[in-house]
Structure formats: C-alpha cells, structure tokens
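Take a look at the structure below.
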Amino acid sequence: MEVTVDDVLGLPVFKQAKVQTPCLSRQVEWISVIETPVENFVRNNEFVLSTGVGCAGDILALEEYVMDVIKADASALAFATGRYIYKIPDRIIQLAEEHSLALIEIPWEVRFGDIVQEVLHLISRERQTEQQKAEEIRQELINCVLNGKGLQEITTILYTNTNIPTAISDHNKQIRANQHFDRYFIDVLNGREEEQSVLVTTDVASDHPLVHYIETYRIGEHDCHQLTILSNYKKQGYLLFKPEEGQKLSWVVLNILEHALTACALYFVKENAIEMTEIRLKDNFLLELAKKDVQMDKALLSKAQLLGYDLEKPYICLVGHIRFVQPVDDHIGSPTHSVQSSSMHSRNYYIQKEVTHAGDVLERLTMTTFEEGEVIVYLEADQPNFEETTNQFLDLIERRLHELLAGITINWGISCHKGGYRTFHQSYEEAVTALKIGRQQHEEGERTFFSDTRMNRLLMALSHEKEIGNIVQDTLKQLIDYDQKRQTELIHTFMIYNKYNSNVSQTARALNLHRQSLLHRLRNIEHLTGLSLLDADDLFLLELSVRLWLLKKVET
C-alpha cells in the first residue's frame, strides 16, 4: 500500500491542521521544506511544507509560488499560518483545487521538524512493509520455477499481486502464458492485425531502474508495455503488461515486475537446459546408431522409445552436406550476412524444424542429428516408392529453407531401401558413399541415390588393383601435373567433352569457351596423354583413367 495525503494527515502531528482542498488521495513519496523560489527543488509526489516567508503580503508572489509547486507535480502543500501568512486567500484555495493539489493550514506552533520526522517514519514503515511483501512475492515466483511450475503460474502470481493483465511470449513471439491480456493487442503487437502499434516514450513517472527497460507501444488510445526477458545476454522472450486506464506503476509494482522478469529468465534457462540435454542424448544415440553396427536388442529399442524414436519402422538414411554461398555484394545487415554470422546452433535449429515439418506433412517418422557441417536424417519409407517419397520430402525442406536461410545449398546422399528394417549403420554408410560420389561428379545442391552409383562403385572396386593403379598413373601423370602447375582445367574439360559425346559446339557452350580455345585444350590433352580423342579405345582408356582417378580423390 502506498502512503497517501490522507494517511499523512492522520498522524497526531496534524491533529490541529485545517484541510482547504479535498484532494487527499495523491501518493506521498517524500516530504520537504521549500520556500520561494521553487525552481527544481520539488519533485513528483512530494509533500511540501512552507512558511510563505517570501510571499508575505504579496498575493501575486504567493500565487506564483503555489503555481510552481503545482507544476512540480507535488502531492500537497501545507502552510504554517500565523506569522507571514495568517489565512490562505480564497483565490489560492481555488487555484489549488482546480489543479488537484491538497492545500493545508498548519498552526505556527507546530514544528516542521516534528512533522518531517513523523512523515518520514510513516513512509519508511510503509516501504519496509512493501519491501517485505515484494521479497515474499520474489520468493514465491522463484519457488514457482524451482518446483516445476510454468509461465502460466508466474502470470497468475503477477496478476494477483498487481491486478495488471499480463502475458509472456517466447523469442519467436509465441504466447506461452496469458492472464487477462486482451488477445487483440497481442496480435497487433505481433503484426497479425491490420492496426499498427507505434513505439512511444514511456511516461512512467518513477526513478525505478526498471523504467529504462520498458518499451511502450501505442495501439489506438491504449498503451501496452513490454519488457525483454534476457539470460546470458540472449533474448529469451517478452513480458507484456497493460495497466488499466489511470492505473499507475508504483515502486512496489515495478519491483514485482522486475522479480517476475527474473523468474521468467530462470524458467527459460531451465527449459533450454532440459531441451539441450534431450538434444544431446538424441544426438549421441543417433550418431552411435549410424556410426556403429550396434546390436538391435530390447535394451536399445527401449532406450529409443524413451527418446521418442520407433526403430521398428523401415528407414532410409539421408546425409546432407550443408554449404552457404555468399553473394559478392553481401553487406552487414543483409539477410545473407546474418546467415553467415549466425551460430551453427541457429542454422541447425532451422534445418531440424523443417525436417520435422516435412515429416509431419508426409506423415512419416524422422530422426535427425548433425555432425561437422553435415545433417544425418533417417526417414520412414516403404520400399516401392521410397525414391518418390524422398524427393517429396527434400523438396519440402529445401523450398522452405531457401526462404529462411538465404544462400544455403545442401548436397544429399541417399541410401538404398533393401527392406529398410534395422539397417541403420549400413544405410548410413551407403548414404555417405553416395554423397561423396555426388559431390565429386555433380553441382551444388544435387541429390545422389546410392542405387545410381553402381558404375562408380564398380570402378572403386577396380581402383584397388595395383596394376590398374599403375595404368591410371601412367596415363594421367603429365595431364595432372600440367593442370596443377598452370592452374588449367584440362581434366574437367575432357569430362564435359565426353559428357556431350565429343560434340565440340555443345562442349564449348557448356564451358563458356570459344570454339578455338576448346580445340586448343583438346590438342593439349592428346599431346600430354599420347592418346587420340578420335580413337574409341584411346577415348575409353582416358575416360576410365579419369573416372578412377576422381574416385580415388573421393575415397581420400
């Protein structure tokens, strides 16, 4: 409870005082003795004592003095009458009443020191009561979080003790708790309504430190306040509150709001810790499932079930290599820059979210983890249409990711189905092999199915033969050395030439080269290898050698 003028006048020292204006509900935060000139010596909600010494016999000077006290927004003005002022003039009483200033006459015999002592004692007593109450509420809020209760309980405690409608949202502005806060104003603040909110200067008249952190938004004729919930300098959410018209934010209310802010930050830290622990457990479980050929026993199935996974379904594995392409004109503040400077955790969060969303849309179970710039996904898929399901799944993910994270590209390696039951390690190995081959042979953002790499896998098997390795080395040594020393792309040129079935015009267009430049490169290839590109056997030997050499690079 705040101290009012009426409370002050109830003190014994004011027994003989005479109230001239009935404006007694104003709060009193301090008391002082001030004579003319007032200047800036009177503050808001102050009880002012005066003898009128500078205004004796001069009603205009007295009127100016009273007006200065009114402008300082004081709660009350008490004159000691009997020496300089014998009776407060009617026009001064009328002036005070018009401006809701409590005007009081005190007998000259009453000492100001006694008045100041009793009023300060009353204020001190009331503040101690308020501090004790605020401390009890603080403890209640903290215990609320420590005892496993949620944000809704925090808003309940807040509303019970302040009678102010409140709501709490997370950093994505999703409402997590609401206590009598009009949903319309929340939707306006979050941009879900046509009406706009305007950030205005907070007009809370208090020197409480929390005031500097309050953001005030004007919606029509209404003001809504917002406090940002922070922990470890990271934005966790928002505390929204909207006092009723004319309801003031006292020091006590601001203290309670500050304690509620602390409780909210503690709740989000606790929630994040639980979430991170769960994520870590899931990551470790899936990585072990992928990297090791673990035995599918009851213990493993039970552990998976506790983590929310069902290993009895058929799954294929998708391994994606994540890369960001930053445009040349990128600058600080642009979306691309924000992607480059964002943490890996934030990037993975968005990818995880879109994987889950795509699985929900297709009504398929998913399991996801991340490791060193790669995402590993197990997708529920049945045998006949697993390629179609996979493409639909990846289309959904990539379409939304390209909107959220500018410049992102993901190369995917996808395992075969082969029944899909309890083949997690094998599926992962297949997906990794497909990814490596795909990254070597295709452009950024391509998908490679393990079933489409049979030729490459056959060549891989051949490449381990020592004699074949020697043939490849003899065939390509000078070509490789030439490319490395002169930074040319003769091997790449040959692969494109071979792709277009030795068609010079198509190859030149694909490489963005002049026809004569391409012919010069082809002659260099023939000269360095001693093979003719017009001879079918030579062409086959060169293609086989290049493919085997590229596959060796994939394996290393």
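Here is how the numbers come out for the structure above:
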{"quantity": "Those residues of region 241-262 which are under 26 Å from the mean Cα position of the chain (by Cα) and free of Cβ contacts under 8 Å to residues at least 60 places away in the same chain, in sequence order", "calculated": "L254, E258, L261"}
{"quantity": "So L301, is it at pLDDT 90 or above and either in contact with a strand residue (DSSP E or B) (Cβ under 8 Å, 6 or more places away or on another chain) or open to solvent by less than 50 Å² (accessible area, probe 1.4 Å) (or both)", "calculated": "yes"}
{"quantity": "Residue satisfying all of: in region 9-44; of a type in the set (K, R) and under 15 Å from V110 (Cα atoms); least open to solvent (accessible area, probe 1.4 Å) among these", "calculated": "K18"}
{"quantity": "Per-region count, region 412-434, residues open to solvent by 10 Å² or more (accessible area, probe 1.4 Å) and part of a helix (DSSP H, G or I)", "calculated": "7"}
{"quantity": "Among (1) modelled with pLDDT of 90 or more; (2) crowded, with 19+ Cβ neighbours inside 10 Å; (3) more than 20 Å from I142 (Cβ to Cβ) - the single one E215 does not satisfy", "calculated": "(2)"}
{"quantity": "Among (1) free of Cβ contacts under 8 Å to residues at least 24 places away in the same chain; (2) of a type outside the set (S, T, N, Q); (3) under 19 Å from Q441 (Cα atoms), the one test that L490 misses", "calculated": "(1)"}
{"quantity": "Some residue of region 169-184 being in a helix (DSSP H, G or I), out of contact with any Phe, Trp or Tyr (no Cβ under 7 Å at 6 or more places or on another chain), open to solvent by less than 80 Å² (accessible area, probe 1.4 Å) and touching a residue at least 60 places away in the same chain (Cβ under 8 Å)", "calculated": "no"}
{"quantity": "Checking T201 against (1) in contact (Cβ under 8 Å) with a residue 12 or more places away in the chain; (2) open to solvent by 80 Å² or more (accessible area, probe 1.4 Å); (3) closer than 19 Å to L151 by Cα, the condition it does not meet", "calculated": "(3)"}
{"quantity": "In region 189-212, the residues that are at pLDDT 85 or above and either touching a His at 6+ places or on another chain (Cβ under 8 Å) or closer than 14 Å to S250 by Cα (or both)", "calculated": "P209, L210, V211"}
{"quantity": "Residues (surrounded by fewer than 16 Cβ atoms within 10 Å (Cβ to Cβ) and of a type in the set (A, V, I, L, M)) located in region 385-411", "calculated": "L404"}
{"quantity": "Residue within region 513-529 that is farther than 20 Å from Q478 by Cβ and among the small types (G, A, S) present", "calculated": "yes"}
{"quantity": "Matching residues in region 263-276 - criterion: being open to solvent by 70 Å² or more (accessible area, probe 1.4 Å) and either over 23 Å from G308 (Cβ atoms) or more than 17 Å from the chain's Cα centre (by Cα) (or both)", "calculated": "I274"}
{"quantity": "Residue that is in contact with a helix residue (DSSP H, G or I) (Cβ under 6 Å, 6 or more places away or on another chain), at pLDDT 90 or above and not aromatic (F, W, Y), where the choices are V48, V38, V28", "calculated": "V48"}
{"quantity": "Single match in K71, K87, K18 (criterion: more than 26 Å from E130 (Cβ to Cβ), in contact with an Asp or Glu (Cβ under 6 Å, 6 or more places away or on another chain) and not β-branched (V, I, T))", "calculated": "K18"}
{"quantity": "Meets criteria (in contact (Cβ under 8 Å) with a residue 60 or more places away in the chain, more than 19 Å from Q152 (Cα to Cα) and part of a helix (DSSP H, G or I)) for L311", "calculated": "no"}
{"quantity": "Residue within region 471-490 that is in a helix (DSSP H, G or I), open to solvent by 30 Å² or more (accessible area, probe 1.4 Å), closer than 28 Å to G413 by Cα and not small (G, A, S) present", "calculated": "no"}
{"quantity": "Matching residues in region 148-168 - criterion: being small (G, A, S) and open to solvent by 40 Å² or more (accessible area, probe 1.4 Å)", "calculated": "G148"}
{"quantity": "Number of the condition not met by F41 [criteria: (1) in a loop (DSSP other than H, G, I, E, B); (2) over 19 Å from V119 (Cβ atoms)]", "calculated": "(2)"}
{"quantity": "Any hit, region 224-235, residues being out of contact with any strand residue (DSSP E or B) (no Cβ under 8 Å at 6 or more places or on another chain), among the aliphatic types (A, V, I, L, M) and open to solvent by 50 Å² or more (accessible area, probe 1.4 Å)", "calculated": "no"}
{"quantity": "Residue match in region 494-516 (condition: closer than 30 Å to F386 by Cβ and charged (D, E, K, R))", "calculated": "yes"}
{"quantity": "Scan of region 442-457 for residues that are at pLDDT 75 or above and in a helix (DSSP H, G or I), ordered by number", "calculated": "F450, S451, D452, R454, M455"}
{"quantity": "Failed criterion for G308 (all others in (1) more than 25 Å from P165 (Cα to Cα); (2) in contact with a Leu (Cβ under 6 Å, 6 or more places away or on another chain); (3) among the small types (G, A, S) hold)", "calculated": "(2)"}
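The rows are residues; the columns are (1) of a type outside the set (S, T, N, Q); (2) in contact with a Lys or Arg (Cβ under 7 Å, 6 or more places away or on another chain).
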position: E363; (1), (2): yes, no
position: T368; (1), (2): no, no
position: E372; (1), (2): yes, no
position: I376; (1), (2): yes, no
position: Q383; (1), (2): no, no
position: E388; (1), (2): yes, no
position: L396; (1), (2): yes, no
position: N411; (1), (2): no, yes
position: S415; (1), (2): no, no
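The values are calculated or read from the model by the stated rules, or taken from the named source; none is laboratory data. Quick caveat: nothing in here was measured; it's all calculated off a predicted structure. Reconstructed Cβ throughout: ideal geometry from the backbone, glycine too, with neighbour counts over all protein chains shown. Side chains are part of the model used for accessible areas, which takes the heavy atoms of the whole protein and leaves out ligands, DNA and RNA. Shrake-Rupley method; radii C 1.70, N 1.55, O 1.52, S 1.80 Å.
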